[in-house]
Amino acid sequence: MGTDICLDGKGEPMVVRGQIRDINGTPLQGVKVDVWQANDEGFYDVQQQGLQPDFNLRGMFTTGEDGTYWFKGVRPRHYAIPDDGPVGDLLNALGRHPNRPAHLHFIVSKDGYEGVTTHIFDPDDPYIDNDAVLGVKESLIATFEKVDDPSKLSEVDIKAPHHWEVAFDFVLTPEA
């Protein structure tokens with residue numbers, strides 16, 4: 001917990017944290033939290049091989065007894081999906097742009113529970129109300145809070161003048 005998944009040190013620092021509980025509100029220990037995100041230029045590591053380190057902005061964590069997770073990354077940025085083929089033709093025909101709002105991906109899983117594969121969105125992104133793939137739902141919009149208190153920066157070992165805090169909890173349902 002607490003690892004910085006940003007391997008190249010670029011972008012505005014961000015701390016993401018939350019808790020994973022069952023449907024009765026009990027914290028779940030041993031939940032696998034697989035995360036990945038685009039960088040502050042809107043690219044994933046696999047799109048910039050040789051420019052970004054392998055596995056940049058990707059991580060896998062396991063919750064402790066209290067069901068919490070936390071890690072450091074960077075504030076993500078919106079990006080355009082490929083629009084040079086049939087998808088671009090369709091978007092053009094519909095008069096739509098190819099942009100996705102800034103988001104972080106999650107796969108949350110534990111044996112005996114239904115897994116959750118989703119993403120959470122930055123509410124301040126210019127494309128939040130107009131996602132090219134229509135993936136934004138109100139329940140997936142997180143709060144990105146700017147933190148510039150030196151003691152809070154020190155608590156998470158961030159040396160920048162500020163960082164962003166994002167909190168997002170998950171609830172897992174038992175398998176049928």
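Taken together, the values in this text are just the output of simple stated rules run on the coordinates, not laboratory data. All values derive from a computational prediction rather than experimental measurement. Cβ coordinates were reconstructed from backbone atoms using ideal geometry, including for glycine residues, and neighbour counts include every protein chain displayed.
The table for this structure:
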read-out: Neighbour-limited loop hits for trypsin sites (Lys or Arg not before Pro), the range 109-176 (at most 12 other Cβ within 10 Å; DSSP other than H, G, I, E, B); value: LYS137, LYS159
read-out: Lysine pairs meeting the criterion (Cα under 15 Å, 8 or more apart or interchain), as found in the chain; value: 7
read-out: Zone residues, the range 52-69, relative to ASP34, backbone N less than 12 Å from point 7 Å out along Cα-to-Cβ; value: 59-61
read-out: Interatomic Cα distance distribution for the chain, bins of 10 angstrom, percent; value: 9, 34, 35, 18, 4, 0
read-out: The chain: most fluctuating residue of ASN130, ASN92, ASN39 per GNM, C-alpha cutoff 10 Å; value: ASN92
read-out: Efficiency of FRET from Cβ geometry, ALA176 and PHE43, R₀ 45 Å, rounded to 0.05; value: 0.70
read-out: GluC sites (Glu not before Pro) restricted to DSSP loop in the range 41-139 with at most 15 other C-beta within 10 Å; value: GLU41, GLU65, GLU114
read-out: Cβ-based charge dipole, the range 1-124, positive-most Cα from HIS105, PRO123, GLY50; value: PRO123
